[in-house]
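The values are calculated or read from the model by the stated rules, or taken from the named source; none is laboratory data. As the structure is a prediction and not an experimental result, all values here were calculated from the model. Here Cβ is always computed from backbone atoms with ideal geometry, including for glycine, and neighbour counts include all displayed protein chains. Accessible surface is based on the protein model in full, side chains and every heavy atom, while ligands, DNA and RNA are left aside. Shrake-Rupley method; radii C 1.70, N 1.55, O 1.52, S 1.80 Å.
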Amino acid sequence: MIAGVSTACLYPRPLEESLYDLAVNGVSAVEIFVNTHSELKKSFACGIADTLKRFDVNCLSVHPFTCEMEPMMFFSDYERRLDDVLEYYKLYFQFMNTVGAEIFVFHGGKGSPTAPKESFCERYLKLYNLGKEFGVTVALENVARCQSGSSAFIREISKLLGNDFAFVLDTKQAIRAKENPFSFLDAAGSSIAHVHISDSGELGDCLPIGKGRFMFKPFLSRLKTLSPDCGVILELYRSGFRGISDLVSSCNILNNMIDSI
């Protein structure tokens with residue numbers, strides 16, 4: 001396992017500046033949050049790749065700015081939307097090939113987590129299989145406002161999809177859904193490909209490491225057993241920390257905890 005930081009932490013700072021700030025301060029692994037269409041252009045992606053290479057930073061994953069459109073584009077009854085969005089998401093996968101990322105973060109659909117799962121799995125598989133053509137793993141993230149916010153939902157689709165399923169576990173989103181993050185460890189098991197992590201406690205559910213009461217060592221120990229090669233990405237909202245030093249410090253703490261397991 002390896003710890004890193006999401007460029008989303010520094011939003012709305014431009015992506016290339018956020019990446020540079022993290023890299024120059026010694027962060028060795030990142031998740032890139034693509035913020036707008038123009039950032040998917042080949043020339044922009046090559047600039048990002050140059051920065052990664054210059055500072056020897058590993059890009060573990062990419063998060064799309066179109067995640068809020070996914071319920072409409074992937075899960076409506078209008079088939080042409082699905083065809084169009086699959087074509088559009090090739091741009092993300094091409095971007096990932098340029099910057100060397102392997103995990104693509106997918107929010108999925110909204111609606112009741114108790115609704116029939118077969119249709120969800122069918123749509124997810126279309127994107128998952130498309131990603132495989134580019135050497136990319138499409139991983140569903142638990143998001144409180146989406147079907148994926150339920151650990152029971154994740155457990156069921158994990159069984160239905162078998163080896164054709166990957167999962168991003170977000171600890172703060174689990175808490176926002178009034179779920180225990182450990183429940184998602186049990187629900188997804190070895191399908192966990194990636195983690196978004198933060199501390200949590202009386203001061204909030206998205207805090208720098210050490211500012212809350214989250215049980216990091218038991219969580220990371222269990223995670224290492226289930227998925228020893230996954231990335232653990234610090235994802236904080238800009239209002240939740242003071243500056244870049246908080247991000248670097250939290251990342252260093254995470255790496256030290258991972259090394260001690």
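Could you list, in sequence order, all residues of the stretch 79-125 that are among the β-branched types (Val, Ile, Thr) and in contact (Cβ under 8 Å) with a residue 60 or more places away in the chain? Give the derivation first.
First, pick out the residues of the stretch 79-125 that are among the β-branched types (Val, Ile, Thr): 85, 98-99, 103, 105, 114.
Matches in the stretch 79-125: 99, 103, 105.
Residues in the stretch 150-179 that are in contact (Cβ under 8 Å) with a residue 12 or more places away in the chain, over 15 Å from residue 230 (Cβ atoms) and either open to solvent by less than 10 Å² (accessible area, probe 1.4 Å) or assigned to a loop (DSSP other than H, G, I, E, B) (or both): 9 in all. No other residue among 143, 105, 138 is open to solvent by less than 10 Å² (accessible area, probe 1.4 Å), modelled with pLDDT of 95 or more, closer than 21 Å to residue 191 by Cβ and part of a loop (DSSP other than H, G, I, E, B) apart from 143.
Tell me yes or no: at least one residue of the stretch 236-255 is under 19 Å from residue 62 (Cα atoms), of a type in the set (A, V, I, L, M, F, W, C) and assigned to a helix (DSSP H, G or I). Scanning the stretch 236-255, I find at least one residue that is under 19 Å from residue 62 (Cα atoms), of a type in the set (A, V, I, L, M, F, W, C) and assigned to a helix (DSSP H, G or I), so the answer is yes.
Listed by first and then second residue, the pairs with beta-carbon distance under 8 Å, at least 6 apart or on different chains, first residue in the stretch 36-58 and part of a helix (DSSP H, G or I), second at pLDDT 95 or above and of a type in the set (Ser, Thr, Tyr), are 40/92; 42/98; 44/38; 45/98; 46/98; 48/98; 49/98; 51/20.
Step by step: first the residues of the stretch 23-35, then only those that are in a loop (DSSP other than H, G, I, E, B) and farther than 22 Å from residue 90 by Cβ, then the one that is least open to solvent (accessible area, probe 1.4 Å). Which residue is that? Applying the filter and picking the extreme gives 27.
Within the span defined as the stretch 227-240, one or more residues are at pLDDT below 95, open to solvent by less than 60 Å² (accessible area, probe 1.4 Å) and either over 19 Å from residue 105 (Cβ atoms) or touching a Pro at 6+ places or on another chain (Cβ under 7 Å) (or both).
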